[in-house]
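Asker: Take a look at this one; I'll ask things after.
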């Protein structure tokens, strides 16, 4: 089955700096890659996603890049703010058949801390 | 409702008791997931339902755990003979099979 590795496990930056979180996936049939932000005591919230037919997607201060050949994708947050502090999860969705069709597999998470 | 709804939000139970957790997905979503999240940890996959297909139960940690889904509607996760290591937040998410998944707020289970 699909396996998603996420790095780093913790990331500390100063306010205004950029933050980058990287994920690799194993199943070349995966075609959808969302990113989630989880604040303390809440469920994960979708912040951005990308499909395998594009290489980059931006939404204000956040962007995601995808390299299908290398099977890795990254989250980029620019001009970080203290309210960006949270746990971030990447995921990959399998597009092939069987009982796992459409199943999301998550990375282990990254704790991002933005210092004022 | 507008989002995924989970109930109860908090549950305290005695060791050895059975518990049932409920998830109401977004209307029309064919896919439904259950995850377990221990304190400070990542998302541990439990089970995945997709339409009328057989569910992917590969993440259920023991035969004390089971889940059902009624068509493309509500799902219940049942934990029998609860143990202290079952204490965690149980998260449910739903989606169309090729679209974004949305999470509920979770059920915090405490086994005492």
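Asker: Could you line up A:68, A:103 from fewest to most neighbouring Cβ atoms inside 10 Å?
Answerer: Placing the least packed residue first, the sequence is A:68, A:103.
Asker: Evaluate peptide B:95-103: per residue, the Cβ atoms of other protein chains within 10 Å of its Cβ; return the mean as an integer.
Answerer: Counting Cβ atoms of other protein chains within 10 Å of each residue's Cβ and averaging gives 6.
Asker: While we're here: Counting other beta carbons within 10 Å of each residue's own, what order do A:84, B:56 fall into, fewest first?
Answerer: Least crowded to most crowded, the residues run A:84, B:56.
Asker: Express in % the proportion of alpha carbon pairs of segment B:1-104 at distances exceeding 20 Å.
Answerer: For segment B:1-104, the fraction of Cα-Cα distances above 20 Å is 34 percent.
Asker: Can you divide the C-alpha Rg of segment A:68-110 by 2.2 N^0.38 Å and report the result to two decimal places?
Answerer: 1.54
Asker: Please report, in cubic angstrom per residue, the volume enclosed by the convex hull of the alpha-carbon atoms of segment A:1-113.
Answerer: That works out to 93 Å³ per residue.
Asker: Going by the alpha-carbon gyration tensor, a ≥ b ≥ c the square roots of its eigenvalues, is the protein assembly as shown rounded (a/c under 1.5) or, if a/c is not under 1.5, prolate (a/b greater than b/c) versus oblate?
Answerer: Cα axes put the protein assembly as shown in the oblate bin.
Asker: Next question. What's the exposure ranking of B:36, A:93, going from fewest to most Cβ atoms within 10 Å?
Answerer: Lowest to highest Cβ neighbour count: B:36, A:93.
Each reported figure results from applying straightforward, stated rules to the coordinates on display, with no laboratory input. This one's a predicted model, so the numbers in the text were calculated from it and none came from an experiment. Cβ atoms come from the backbone with ideal geometry, glycine included; neighbour counts cover every protein chain shown.
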